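Reviewing the structure listed below.
Here, each number is a calculation from the coordinates, and none is a lab measurement. Everything numeric in this text was worked out from a predicted model, so none of it was measured. Using ideal geometry, Cβ is built from the backbone for each residue, glycine included, and neighbour counts are taken over all protein chains shown.
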Amino acid sequence: MGVRRAYLSAVVLAVAVPAALNSQQSSTRRDPSSAWTRVEQLHPGLKVKLRLVNGETVKGKIVEVNSDGIALRLKGEQVFKAAREQVRTVRKKSRLIGLTLSALIGAGGGATVGAVGPKEGDERRAPYVIGGALMGAGVGAAIGVAIGKEITIYEYSPAAVRGAADTLQSPRASPK
């Protein structure tokens, strides 16, 4: 009975945490005006990825963010500025979320392997399940920290900002 409970708990956590994280991101999509204030709270030097309304992607470190737009330092010393209306999404990597999700998935997989490992009829499966969950969580956490998880800070529909793509200055066309 304890093995089933441990396995079920691992599966529920592996499903519930990603769902909760996705619901947090979807609230950003519903209210773009409050979402930009989240962008304004990002600190200079943070690495972000912008997707612009013209479809172009720009990666760099934040130089400045205000209510009108964002400035990023690209590779080298080039600074790219985008008006708020030109930005479709702002994303950043979160190693903590990557660690958490990967550890939970690893724990669920490890618990499953631990539950299957002992011989049929062996009632002492709990140590195998717990050991498998701990080993899986450790491996998953290491992978999650290395890879990270990209999260959306801001997302806005390009239909709401018609014409912004026509006035956008490409970072590749900018003089150095």
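What does a probe at residue 83 reach in segment 33-73, counting residues whose amide N is under 19 Å from the point 7 Å along Cα→Cβ? Label zone hits: 33, 36-37, 40, 50-58, 64-72.
Can you sort 61, 149 from fewest to most other Cβ atoms within 10 Å of each residue's own Cβ?
Lowest count first: 61, 149.
In this label model, residue 147 and residue 46 are separated by 2.3 nm, measuring between points 7 Å along each Cα→Cβ vector. Length available on full extension from residue 75 to residue 139: 0.36 nm per residue minus the Cα-Cα distance, which gives 19.7 nm.
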